[in-house]
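J.: This is the structure, below, for whatever I ask next.
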Amino acid sequence: MNLSKTGLFTITALVCNIFAVAGQVDYVNTLVGSASSHALSSGNTYPAVAVPWGMNFWTPMTGEMGNGWTYTYQSNQLRGFKQTHQPSPWINDYGQFAIMPTSGKPVFDQNARSSWFSHMAEDAHPHYYKAYLASHNITAEITPTSRAAVLRFTFGNAGMNNIVVDAFDGGSHVTVDAAKRRITGYTTKNSGGVPRNFKNYFVIDVDCDIADAWIVENGYNDTLHAGASATGSHAGAVVSFNCNQGTVVTARVASSFISEEQALLNLNELGKDDFDKVKERAENEWNEKLDRVVVEDDNVDAKRTFYSCLYRSLRFPSSLY
């Protein structure tokens with residue numbers, strides 16, 4: 001076949017466009033660099049679920065509350081799903097809080113609520129994370145926007161199932177409004193470098209009737225007790241639902257460094273889109289940025305390394321407004 005230079009250029013461009021349409025996000029492995037510890041650095045990363053330059057990130061939490069190593073690959077227990085702003089385990093975090101679904105008797109303690117999980121039942125991407133919580137028979141999923149996120153929990157057991165909201169220590173607050181199906185609060189958790197009046201306000205709307213609510217004011221040693229509001233050294237709440245087997249509960253979450261009212265406004269980033277639509281939007285946002293560089297290489301591992309690194313570089317600087 002006789003092809004002109006123009007023809008070859010057109011074919012090459014067409015091939016590049018095919019790659020671009022497929023999306024480079026599929027090459028990103030968010031778990032790369034997470035097999036780290038304080039004693040041995042292997043990357044000091046965690047699987048951040050976010051959009052490029054977003055205000056908030058989300059990550060599964062294998063470490064104890066306040067542990068800089070939020071997620072380590074060698075762990076087999078999840079304690080929650082944390083909204084985080086952490087650049088690296090060496091720098092630690094600020095304005096963090098966590099959400100954890102559980103089944104059976106309501107518990108708050110981070111060890112009591114934890115669940116065994118396996119990487120075989122884990123699906124980690126920049127725009128989406130899923131894990132099966134074997135101890136509770138729950139499938140948990142997360143997909144983000146810049147200032148908000150949707151968490152979807154599929155409860156495998158009939159009866160009492162719960163969502164734990166942990167506002168962390170250092171001074172925090174939670175309020176449960178069962179009539180509105182809403183949990184609000186703030187966390188002041190930080191490792192320095194913030195103003196004296198620092199707070200990260202959050203709002204969580206669930207799409208299922210809240211059957212019961214319990215609160216805790218000091219999550220280190222306080223027991224759960226019935227109530228709708230708690231302010232203390234380590235505030236938290238547990239809301240419960242009467243579920244059938246396979247019931248799906250969706251939590252729509254947003255936060256703000258300004259006020260609770262602004263956190264409510266930030267929920268508008270989700271609009272009326274359901275989980276899958278928000279996930280599609282986040283995937284498209286990543287592909288729009290990642291597709292600006294199209295790597296042609298027969299070595300798939302090299303492409304995965306490149307796009308996994310590019311994903312990291314597109315998280316900072318993060319939006320604070």
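The values are calculated or read from the model by the stated rules, or taken from the named source; none is laboratory data. Predicted model only: the values in this text are computed from it and were never measured. Neighbour counts are summed over all protein chains in view; Cβ atoms, including those assigned to glycine, are modelled from backbone coordinates with ideal geometry.
J.: Which is of a type in the set (Asp, Glu), more than 24 Å from Ala98 (Cβ to Cβ) and either at pLDDT 95 or above or more than 19 Å from the chain's Cα centre (by Cα) (or both), of Asp222, Asp301, Asp274, Asp212?
T.: Values: Asp222 fails: more than 24 Å from Ala98 (Cβ to Cβ); Asp274 fails: more than 24 Å from Ala98 (Cβ to Cβ); Asp212 fails: more than 24 Å from Ala98 (Cβ to Cβ).
Answer to the check: Asp301.
J.: Restricting the search to the stretch 177-216, which residues are of a type in the set (A, V, I, L, M) and more than 12 Å from Arg252 (Cβ to Cβ)?
T.: At the first step, the residues of the stretch 177-216 found to be of a type in the set (A, V, I, L, M) are 178-179, 183, 194, 203-204, 206, 210-211, 213, 215-216.
Listed by number, the residues that qualify are Ala178, Ala179, Val194, Ile210, Ala211, Ala213, Ile215, Val216.
J.: Something else now. Which pairs do you get when a residue that is more than 19 Å from Asp291 (Cα to Cα), found in the stretch 43-56, comes within reach of a residue that is among the β-branched types (Val, Ile, Thr) and assigned to a loop (DSSP other than H, G, I, E, B), reach meaning Cβ atoms under 6 angstrom, with the pair 6+ apart or on two chains?
T.: If the second residue must be among the β-branched types (Val, Ile, Thr) and assigned to a loop (DSSP other than H, G, I, E, B), the pairs left are Tyr46/Thr70; Pro47/Thr30.
J.: Examine the stretch 71-78 for a residue that is free of Cβ contacts under 8 Å to residues at least 40 places away in the same chain, in contact with a strand residue (DSSP E or B) (Cβ under 6 Å, 6 or more places away or on another chain), over 19 Å from Gly185 (Cα atoms) and buried (at least 20 other Cβ atoms within 10 Å of the Cβ), and state whether such a residue exists.
T.: Yes, that holds for at least one residue.
J.: Here is a further query. Can you tell me which residues in the stretch 192-201 are touching a Gly at 6+ places or on another chain (Cβ under 9 Å) and assigned to a loop (DSSP other than H, G, I, E, B)? If you could, list the steps in order and put the result at the bottom.
T.: Residues of the stretch 192-201 that are touching a Gly at 6+ places or on another chain (Cβ under 9 Å), as a first pass: 194, 198-201.
Within the stretch 192-201, Val194, Phe198, Lys199 qualify.
J.: Looking at (1) touching a helix residue (DSSP H, G or I) at 6+ places or on another chain (Cβ under 8 Å); (2) under 18 Å from Phe153 (Cβ atoms); (3) of a type outside the set (Asp, Glu); (4) not in a helix (DSSP H, G or I), which one does Val278 not meet, given that it meets all the others?
T.: Unmet for Val278, out of (1) touching a helix residue (DSSP H, G or I) at 6+ places or on another chain (Cβ under 8 Å); (2) under 18 Å from Phe153 (Cβ atoms); (3) of a type outside the set (Asp, Glu); (4) not in a helix (DSSP H, G or I): (4).
J.: Which members of the stretch 132-146 meet the condition of being in contact with a helix residue (DSSP H, G or I) (Cβ under 8 Å, 6 or more places away or on another chain), outside any strand (DSSP E or B), touching a residue at least 24 places away in the same chain (Cβ under 8 Å) and surrounded by fewer than 23 Cβ atoms within 10 Å (Cβ to Cβ)?
T.: Let us first name the residues in the stretch 132-146 that are in contact with a helix residue (DSSP H, G or I) (Cβ under 8 Å, 6 or more places away or on another chain), namely 132, 134, 141, 143-146.
Retained after the next criterion (residues that are outside any strand (DSSP E or B)): 134, 145-146.
From the residues that got through so far, the ones that are touching a residue at least 24 places away in the same chain (Cβ under 8 Å) too are 145-146.
Passing the criteria: only Ser146.
J.: Tell me which residues, restricted to the stretch 175-191, are closer than 30 Å to Trp90 by Cβ and either free of Cβ contacts under 8 Å to residues at least 12 places away in the same chain or outside any loop (DSSP other than H, G, I, E, B) (or both).
T.: Initially, the stretch 175-191 is screened for residues closer than 30 Å to Trp90 by Cβ, giving 185-191.
Result: Gly185, Tyr186, Thr187, Asn190.
J.: Then there's this: Residues of the stretch 56-102 being on the phi > 0 side of the Ramachandran plot and β-branched (Val, Ile, Thr), which ones? Full working, then the answer.
T.: To start, the set of residues in the stretch 56-102 that are on the phi > 0 side of the Ramachandran plot comprises 66, 80, 92, 95.
Within the stretch 56-102, none qualify.
J.: Restricting attention to the stretch 306-321, and to residues there that are surrounded by 15 or more Cβ atoms within 10 Å (Cβ to Cβ) and of a type in the set (S, T, N, Q), which single residue is farthest from His85 (Cα to Cα)?
T.: We begin by selecting, within the stretch 306-321, every residue surrounded by 15 or more Cβ atoms within 10 Å (Cβ to Cβ); these are 306-308, 310-312, 314-315, 318.
Restricting the remaining residues to those that are of a type in the set (S, T, N, Q) gives 308, 318.
Values: Ser308: 19, Ser318: 8 Å.
Out of the qualifying residues, it is Ser308.
J.: On to the next question. Just for strands (runs of 3 or more DSSP E) wholly inside the stretch 51-117: which have at least 2 residues that are more than 16 Å from the chain's Cα centre (by Cα)?
T.: Details: elements: 57-61, 80-84, 97-103.
The qualifying strands (runs of 3 or more DSSP E) are 97-103.
J.: Does Leu310 satisfy the condition of being farther than 26 Å from Tyr201 by Cα and of a type in the set (A, V, I, L, M)? Show your work before the answer.
T.: On the way: farther than 26 Å from Tyr201 by Cα: yes; of a type in the set (A, V, I, L, M): yes.
So Leu310 fits the description; yes.
J.: Now, a different point. Of everything in the stretch 110-131, what is surrounded by fewer than 20 Cβ atoms within 10 Å (Cβ to Cβ) and in contact with a strand residue (DSSP E or B) (Cβ under 7 Å, 6 or more places away or on another chain)? Give them in sequence order. Walk me through it before giving the result.
T.: Let us first name the residues in the stretch 110-131 that are surrounded by fewer than 20 Cβ atoms within 10 Å (Cβ to Cβ), namely 111-112, 116, 118-123, 130.
Residues satisfying the conditions are Trp116, Ala121, Glu122, Asp123, Lys130.
J.: Identify, please: which residue in the stretch 147-169 is part of a strand (DSSP E or B) and among the charged types (D, E, K, R) and is, among those, farthest from Tyr128 (Cα to Cα)? Let's see the steps before the verdict.
T.: Just the residues of the stretch 147-169 that are part of a strand (DSSP E or B), to begin with: 148-155, 159-169.
Still in the list and also among the charged types (D, E, K, R): 152, 166, 169.
Details: Arg152: 11, Asp166: 22, Asp169: 28 Å.
Per the stated criteria, the residue is Asp169.
J.: Take the residues of the stretch 265-300 that are basic (Lys, Arg) and free of Cβ contacts under 8 Å to residues at least 60 places away in the same chain: which is surrounded by the fewest Cβ atoms within 10 Å (Cβ to Cβ)?
T.: Here is the first cut: in the stretch 265-300, the ones basic (Lys, Arg) are 272, 277, 279, 281, 289, 292.
From the residues that got through so far, the ones that are free of Cβ contacts under 8 Å to residues at least 60 places away in the same chain too are 272, 277, 292.
Working: Lys272: 6, Lys277: 14, Arg292: 10.
Only one residue fits best here, namely Lys272.
J.: In this structure, does Arg147 turn out to be at positive phi, at pLDDT 95 or above and touching a strand residue (DSSP E or B) at 6+ places or on another chain (Cβ under 9 Å)?
T.: Taking the combined requirement at face value, the residue does not satisfy it.
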